[in-house]
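Working notes, beginning with the structure itself.
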Amino acid sequence: MISEIFRVTIERYGISGKQLSKFSGVSENHISEFRRGKTGISTEVLWKLIEAMDEIKPGARVYFCNRLTGGEGFGNSSQMSVPKQLESLLDMQNLVDGLSDDSLALLLMVVAARIKNGVSSQAKGLELIG
């Protein structure tokens, strides 16, 4: 799922594997394998790729994260307005920036469990890692 969203995002923004490799330091081959769903990547490498996407084409990170969380794009009338979404993303970024490495690792585990298992309630998500 993540590799598919990644592929859609880089295609939408016209970002090449060569550009991503240059900006992220990740090999073109590794990027290609991930994009095609042939291999997984670590969260550290994924973050490098997401940061590189946004450096190459500003807005790519927001689009990727929006798709990852189930949004289809900013044009969806059921979504909040663009300024409100960006404000929410900045709030989340500030929250994440304030977390210790251990707390951030725990948060990533909760998110990964939710994505993997389709868990919808907070309590169930915590049971998976607790």
Exercise for the section: Report, by residue number, each residue of the range 27-39 that is outside any helix (DSSP H, G or I) and in contact (Cβ under 8 Å) with a residue 24 or more places away in the chain. Expected result: 36, 37
Fill in the blank from the handout: Counting only residues that are of a type in the set (Val, Ile, Thr) and in contact (Cβ under 8 Å) with a residue 60 or more places away in the chain, the range 1-25 contains a total of 2
Practice task
Output the residue which, of all residues in the range 18-56 that are farther than 23 Å from residue 96 by Cβ and touching a Lys or Arg at 6+ places or on another chain (Cβ under 7 Å), is least open to solvent (accessible area, probe 1.4 Å).
Solution key: 35
Practice task
Output yes when any residue across the range 32-43 is aromatic (Phe, Trp, Tyr) and more than 19 Å from residue 115 (Cα to Cα), and no when none is.
Solution key: no
Problem - Residue list for the range 34-55, filter: under 27 Å from residue 107 (Cβ atoms) and over 16 Å from the mean Cα position of the chain (by Cα) - result: 39
Exercise for the section: Could you tell me whether the range 75-95 includes any residue that is closer than 14 Å to residue 7 by Cα and either modelled with pLDDT under 80 or of a type outside the set (S, T, N, Q) (or both)? Expected result: no
Problem - Residue check for residue 72: of a type outside the set (S, T, N, Q), open to solvent by 90 Å² or more (accessible area, probe 1.4 Å), modelled with pLDDT under 70 and in a loop (DSSP other than H, G, I, E, B) - result: yes
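Within the range 1-17, count every residue that is under 29 Å from residue 117 (Cβ atoms) and either surrounded by 12 or more Cβ atoms within 10 Å (Cβ to Cβ) or in contact with a Pro (Cβ under 9 Å, 6 or more places away or on another chain) (or both).
Going through the range 1-17 one residue at a time, the tally reaches 10.
The values are calculated or read from the model by the stated rules, or taken from the named source; none is laboratory data. Everything quoted here is computed from the prediction, not taken from an experiment. Positions of Cβ are generated from backbone atoms using ideal geometry, with glycine treated the same way; all protein chains shown enter the neighbour counts. Just so you know, the surface numbers come from the protein's heavy atoms only, side chains and all, with ligands and any DNA or RNA stripped out. Shrake-Rupley method; radii C 1.70, N 1.55, O 1.52, S 1.80 Å.
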